[in-house]
Amino acid sequence: MTGHDERVVLLDEDGRPTGVADKASVHGARTPLHLAFSCHVSDDAGRILLTRRALSKRTWPGVWTNAFCGHPAPFEPIPAAVERRAREELGLSLRAIRLALPDFRYRAVDASGMVENELCPVYLAVADSELSARPDEVVEARWVDPADLDVALAAAPWAFSPWLVRQRQELVRAGAAARTP
């Protein structure tokens, strides 16, 4: 499934599915609430994978963020979508996939006016293969120490995706950021 034929699940304000729409038509200045997911990946040394979004991305191009995000296809279980998207975007297989923030929801507007409006459960996982990112998705990737990430997020939150900043805060508050999945 590519971004050109990807469909997203639309949601009502209570998070119930109301239909589907083409991903390309959903993200804009009036993005409706839809279902997504976010995944934070660590390695066996406990470092966290950060990726810098490709400059061709419609939302937040060139911004550093968590390992990857995506949208489950209609009727696709989210854990299966997490595994699929890790392979598609990063060439990465995962293990120890765990739901950490089931109710994370955010709305944010980037510098171009593009809106993200997502119910976005957050998953933690451990990398189980070497990274091989697609250049149309990721322009750079770095494994970072969690403490260094927290310092950077506090000092320059504008340099990162707004969902990474909020998710990391909530993961730390929940005690989930310190545990290996």
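Here are the numbers for the structure shown:
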| read-out | value |
| --- | --- |
| Any hit, the stretch 163-178, residues being assigned to a strand (DSSP E or B), touching an Asp or Glu at 6+ places or on another chain (Cβ under 9 Å), within 15 Å of CYS39 (Cβ to Cβ) and aliphatic (A, V, I, L, M) | no |
| Yes/no for ALA174 being open to solvent by less than 80 Å² (accessible area, probe 1.4 Å) and closer than 16 Å to VAL63 by Cα | no |
| Tally, over the stretch 44-59, of residues that are part of a loop (DSSP other than H, G, I, E, B) and open to solvent by 20 Å² or more (accessible area, probe 1.4 Å) | 8 |
| Residue that is least open to solvent (accessible area, probe 1.4 Å), among those in the stretch 93-124 that are touching a Gly at 6+ places or on another chain (Cβ under 9 Å) and of a type in the set (A, V, I, L, M, F, W, C) | VAL115 |
| Criterion: in a strand (DSSP E or B), within 22 Å of GLY28 (Cβ to Cβ), modelled with pLDDT of 95 or more and among the basic types (Lys, Arg) - qualifying residue of ARG142, ARG107, ARG98 | ARG107 |
| Scope the stretch 125-167; condition aromatic (Phe, Trp, Tyr), open to solvent by less than 30 Å² (accessible area, probe 1.4 Å) and either touching a helix residue (DSSP H, G or I) at 6+ places or on another chain (Cβ under 9 Å) or free of Cβ contacts under 8 Å to residues at least 24 places away in the same chain (or both); matching residues | PHE160 |
| The stretch 118-149: number of residues that are under 13 Å from the mean Cα position of the chain (by Cα) and either more than 14 Å from LEU49 (Cβ to Cβ) or among the hydrophobic types (A, V, I, L, M, F, W, C) (or both) | 8 |
| Lone unmet requirement of (1) touching a residue at least 60 places away in the same chain (Cβ under 8 Å); (2) in contact with a strand residue (DSSP E or B) (Cβ under 6 Å, 6 or more places away or on another chain); (3) within 20 Å of ALA177 (Cα to Cα) for LEU94 | (1) |
| Of all residues in the stretch 7-26 being closer than 19 Å to VAL115 by Cα and part of a loop (DSSP other than H, G, I, E, B), the one that is most open to solvent (accessible area, probe 1.4 Å) | GLU13 |
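Condition check ((1) open to solvent by less than 20 Å² (accessible area, probe 1.4 Å); (2) within 26 Å of SER132 (Cβ to Cβ); (3) part of a helix (DSSP H, G or I)) across all residues:
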site	(1), (2), (3)
GLY28	yes, no, no
PRO32	no, no, no
PRO61	no, yes, no
GLU88	no, yes, yes
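The values are calculated or read from the model by the stated rules, or taken from the named source; none is laboratory data. Note that this is a predicted model, so its numbers are computed, not measured. Counting neighbours? That spans all protein chains shown, and the Cβs are built from the backbone with ideal geometry, glycine included. Just the protein is used for accessible areas: all its heavy atoms, side chains included, with ligands, DNA and RNA removed. Shrake-Rupley method; radii C 1.70, N 1.55, O 1.52, S 1.80 Å.
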